[in-house]
Each structure stands twice: as C-alpha cells, then as structure tokens.
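> Please see the structure below; I have some questions.
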Amino acid sequence: MCREAEQVDQDKGNLHNNNNNNTNTTNANNKKQWPLHCEVVHPQMENSVGESPVLSSGDRENSFPLESICENTVEQKHSLLSFVPALRSGEWSDIGRRPSMEDTHICITNLAEKFGCTLLNKEAISFYGVFDGHGGKGAAQFARDYLPRVIVEDAGFPLELEKVVTRSFRETDAAFAKRCSLESSLSSGTTALTAMIFGRSLLVANAGDCRAVLSRQGRAIEMSKDHRPCCLKERIRIESLGGYVDDGYLNGQLGVTRALGDWHLEGMKETGERGGPLSAEPELRSVTLTKDDEFLIIGSDGIWDVFSNQNAVDFARRRLREHNDLRMCCKQMVEEAIKRGAIDNLTVVMVSFHLEPPEQVVVERTRVRRSISATGLQNLKYHLEE
C-alpha cells in the first residue's frame, strides 16, 4: 500500500530554524498565494486498499498551467483550458530476487495540506515519488520522508516551483549527510524521481535511473533521462569534477551518476558550490496536460530493465482496459517483470488523469523487429543522441 511520509524526525521539524533563507514565509494564517504564471523548464495519501483515491476539483479550471500560454489555434487553447485532470493513483512493490528491499515510494494527494500549509485558492498539489536505495535503505527512506516537507517549507513554494524542487533535492542530500555523521549505520545512497501535479501542469524531477513515462493517446513520452555513466554528457560532467568512469561505473563503484546520499564513498561528493562527481541535482521536465494524456508510469530501474517505455505503456493500457484498476495494473506489471527475469527490487506508481479507462487507439509501429534488451536499447539511445 502506498505510504505517506512517516513522522518526520526532530531535525526535520526544526528545518525552519536551520534554513532561514529557504523556509516557509507565510501570513498569519499560514497561507500562500498561488502563482498565476511561471516559466516552464523544457528539455517533470495514502492510498486505501481497494479503489485508488480520486482528486478532481472545479478550482483546477481556474488555475493557470506552469508554462507560457501560447497556443497555435483557438481550438487548441480551448481544449487545453477545458481539460480538468481527475487524478487517481495506484502502486505496487516487490523485493524481486534481492535479499533485501531498498525501494520505497510515496503518494500525497495534497502536499500543502499534508504539512499544514494552505494555498489561498485551495489548489491541490499532488506529489508522487519513487526512491531506489543502494547500500541500504536508510537514504531512500530519509529522502521519502524529508524531501516533500522541505519543498513545502521553502520560501519559494509554490511561486518558483522548479527552483524550489532543485534546491530541496540539494538540501535533502545535505541533511542526510549530517544525519549520517551522527548515525553511521544509515550510510547509503538512493536515486529519486518525483512527480508533482497541480492544475493541468506536471513537473517531473529526476536524479538517478528511476524513470517516468507519460502515455499520450497510447504513445510513450519519456519524462526523464536515466543518469548513468554511459551517457556522454554525464561522463563529461564527471571528468570535469575529478571523477572517472571505469567499466561502466562511476569511480568504479556506482552504476548511476546522480543520487542522494553516498557521502561515505570517498571521492564521490564534496561540500560547497562545486560539488563532486556524484550529483544530487535533479533534471526537470514539465508539460501541460491535455485530454490526450492518459496516465503516468513511475518505476524503479528494476522495471525498466525488462520493459521498454512503449512496452510498459502498451501493457498498462491493456490491463486498464480490462479492469480500470490502477493498483491491480501496477501489481500485474511487477509480476510480469519478474516473469521476464527481473532481478532487482521492483516498484511502480501509476497516476491516471481520467476516471475512464484508456480508449482503443492504433499506434503506428515500426516494421523492423529488434532483438535487444530494454537496458541495451536505452544505452544505445544515449550514444546516438550525443
């Protein structure tokens, strides 16, 4: 079952006192003004057992999307502004063939309300995240609990959301370093991918190799890039900061190039503005949702080891057309991944933007059949894009 953030530790509760520049500045009623317009960054509750929660509010019709409103035709603009996402979510996790479970995830239907902050127009901001730990589960659980709170408590929330999210990833990383200095047993690392939905806007932030894929009329739209040593841009960044790639691993140790934590690994991170080869800074991507956007799939890398983006969308659409149950669909996807030979921990979170199941569509396919794994295909794409 999808878990909300657990009781945040005392050091998180004191975040306001320790981070004067980035804490929540509100009026006497702890209310914040919702932004009317923001720049887009181009190339980003616990669920009850049984039916997934539904979030749909008439207030969404009056909110502006997080991007410049510039439509080619009046018809397109009307279609955009008339669409009101009806959010519902589902999730499933499995230990896979690993000896321990290091994945974790979170789903919050109203982020501000969860942490006691009320937006003036009562606009709900939903928050979803998948955290894939390595070297232990400490970093993943810490990030799951700490990150959403620090986002809400930032002075820029929600007016400068992209900056807030980037800053919050860094602050969470720094806070975990401080915690590990007191509790060395927590030393570990985690990748992190979050998705925030507000009005018609979707903002995805990624650090690591979890992945988010949007289904748009049955076509897979990649909402994040995997941060792995095989990516040329990442390798250039790593080498400029004194790191290196050895046999496909960052400094010969890690299979990812961005993550929170891992402060115990020598030569990976440095305090200060320059940082180290292993970065905690997320890459962001945002889109304005339309009626053509059906659902978002967020998965840990264990899922994407055996599913391509389009394959995952096709699989999910077929299952949703059968039963329209998001949680069941996530469970079936995890089970299918295990059947396909997945070894890693497996976590899937799905968010649908409609109450109805996806409509039948015909997606044009290539006639060329391939014989390559999903991971191999992703690595090939990296090299071709550079």
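> Taking Gly156, is it at positive phi and assigned to a loop (DSSP other than H, G, I, E, B)?
Working: at positive phi: no; assigned to a loop (DSSP other than H, G, I, E, B): yes.
The answer is no for Gly156.
> Name the residue, out of Gly133, Gly129, Gly90, Gly96, that is in a loop (DSSP other than H, G, I, E, B), closer than 30 Å to Lys339 by Cβ and touching a strand residue (DSSP E or B) at 6+ places or on another chain (Cβ under 8 Å).
Result: Gly96 is the single residue among Gly133, Gly129, Gly90, Gly96 that is in a loop (DSSP other than H, G, I, E, B), closer than 30 Å to Lys339 by Cβ and touching a strand residue (DSSP E or B) at 6+ places or on another chain (Cβ under 8 Å).
> Any chance you could count how many residues in the range 218-244 are of a type in the set (D, E, K, R) and over 18 Å from Ser300 (Cα atoms)?
Adding up the residues that qualify gives 6.
Yes or no, residue by residue, for (1) under 21 Å from Asp209 (Cβ atoms); (2) aromatic (Phe, Trp, Tyr); (3) buried (at least 20 other Cβ atoms within 10 Å of the Cβ):
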site	(1), (2), (3)
Pro99	yes, no, no
Ile106	yes, no, yes
Asn110	no, no, no
Glu113	no, no, no
Cys117	no, no, no
Tyr128	yes, yes, yes
Ala139	yes, no, yes
Leu147	yes, no, yes
Ala155	no, no, no
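> Within the range 338-374, which residues are modelled with pLDDT under 65 and closer than 30 Å to Gly199 by Cβ?
Val363
> Which one of these does Val256 not meet: (1) touching an Asp or Glu at 6+ places or on another chain (Cβ under 6 Å); (2) over 18 Å from Ser187 (Cβ atoms); (3) among the β-branched types (Val, Ile, Thr)?
If we test Val256 against (1) touching an Asp or Glu at 6+ places or on another chain (Cβ under 6 Å); (2) over 18 Å from Ser187 (Cβ atoms); (3) among the β-branched types (Val, Ile, Thr), just (2) comes out false.
> Would you pick out the residues in the range 301-336 that are outside any helix (DSSP H, G or I) and β-branched (Val, Ile, Thr)?
Across the range 301-336, the qualifying residue is only Val306.
> Say whether the condition of being surrounded by fewer than 21 Cβ atoms within 10 Å (Cβ to Cβ) and hydrophobic (A, V, I, L, M, F, W, C) is met by at least one residue in the range 306-320.
Yes; the residues of the range 306-320 include at least one that is surrounded by fewer than 21 Cβ atoms within 10 Å (Cβ to Cβ) and hydrophobic (A, V, I, L, M, F, W, C).
> Between residues in the range 162-177 that are in a helix (DSSP H, G or I) and residues that are polar (S, T, N, Q), which pairs lie under 7 Å by C-beta distance while being six or more apart or on different chains?
Arg167/Asn22; Glu171/Asn19; Glu171/Asn22
> Here's a follow-up. Quick check on the range 288-299: of everything there that is part of a loop (DSSP other than H, G, I, E, B) and touching a Phe, Trp or Tyr at 6+ places or on another chain (Cβ under 8 Å), which residue is surrounded by the fewest Cβ atoms within 10 Å (Cβ to Cβ)?
Here the answer is Lys291.
> Keeping to the range 246-287, report how many residues are part of a strand (DSSP E or B) and surrounded by 20 or more Cβ atoms within 10 Å (Cβ to Cβ).
Final tally of qualifying residues: 10.
> Next up: Given the conditions (1) under 16 Å from Glu283 (Cα atoms); (2) out of contact with any Pro (no Cβ under 8 Å at 6 or more places or on another chain); (3) of a type in the set (D, E, K, R), which single one is not true for Arg235?
(2)
The values are calculated or read from the model by the stated rules, or taken from the named source; none is laboratory data. These numbers were taken from a predicted model, which means no experiment stands behind them. Positions of Cβ are generated from backbone atoms using ideal geometry, with glycine treated the same way; all protein chains shown enter the neighbour counts.
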